[in-house]
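Novice: Before I ask anything, here is the structure I am working with.
The values are calculated or read from the model by the stated rules, or taken from the named source; none is laboratory data. No experiment lies behind these values; they were computed from the predicted model shown. Heads up, the Cβs are rebuilt from the backbone with ideal geometry, glycines too, and the neighbour counts pull from every protein chain shown.
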Amino acid sequence: MKFRTIMIVGLVALVAIIAVIALIATQLTPQATSPAFTAAVDFVNAAGTGDDTTALALLDENMRTYVATSCPEGSPSACIQSYAAPDWGKLVTAVFRRAAPDGANWDVEVIAHHEAGVGASGICSMIHVVPNGERWQVAGWAGFIHCGSPQSRDMATNPDTPNRAP
């Protein structure tokens, strides 16, 4: 009888420990704790789906100028969507992959998934975000290429990474 009681108490304690670890892990996941990372992901999702209003609001002043002078019709969506190969299909979603600090700024890697059965998943981009008061803004980007490409390595500093702006 004592053995059974010890086993039950041990099992309950183990489940409680696992629950606490899971809770701590979800709270420390960078996506959940950093508005900088959220801004990068929100930008890729907005520009990738044609939501220029949201995408433009996430750009810093220098990037707004870049987009106005360098992107078709001054549209961040037109720039970002032009990088996608037609056989990828439409963007379904983009999610946080990883990030590296750059002083007070962040270089955030985002991985995108495109239409199932049509195109590609594992499309990587690097979004450089900078603080502006209480919010984070996109100050540059690079990539928007398949994550398996050697050009997708160290996109923040890799001179071979395409689609760099500005």
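Novice: Can you tell me which residue in the stretch 141-164 is surrounded by the fewest Cβ atoms within 10 Å (Cβ to Cβ), limited to those that are within 12 Å of Glu109 (Cα to Cα) and out of contact with any Gly (no Cβ under 8 Å at 6 or more places or on another chain)?
Specialist: The extreme case among them is Arg153.
Novice: For the stretch 139-166, which residues satisfy the criterion of being within 15 Å of the chain's Cα centre (by Cα), over 15 Å from Ala84 (Cα atoms) and part of a strand (DSSP E or B)?
Specialist: Hits for the stretch 139-166 are Ala139, Gly140.
Novice: Tell me the helices (runs of 4 or more DSSP H) entirely within the stretch 6-89 that contain at least 2 residues that are modelled with pLDDT of 95 or more.
Specialist: Where helices (runs of 4 or more DSSP H) fall fully within the stretch 6-89 and carry at least 2 residues being modelled with pLDDT of 95 or more, they are 35-48, 52-57, 61-70, 76-83.
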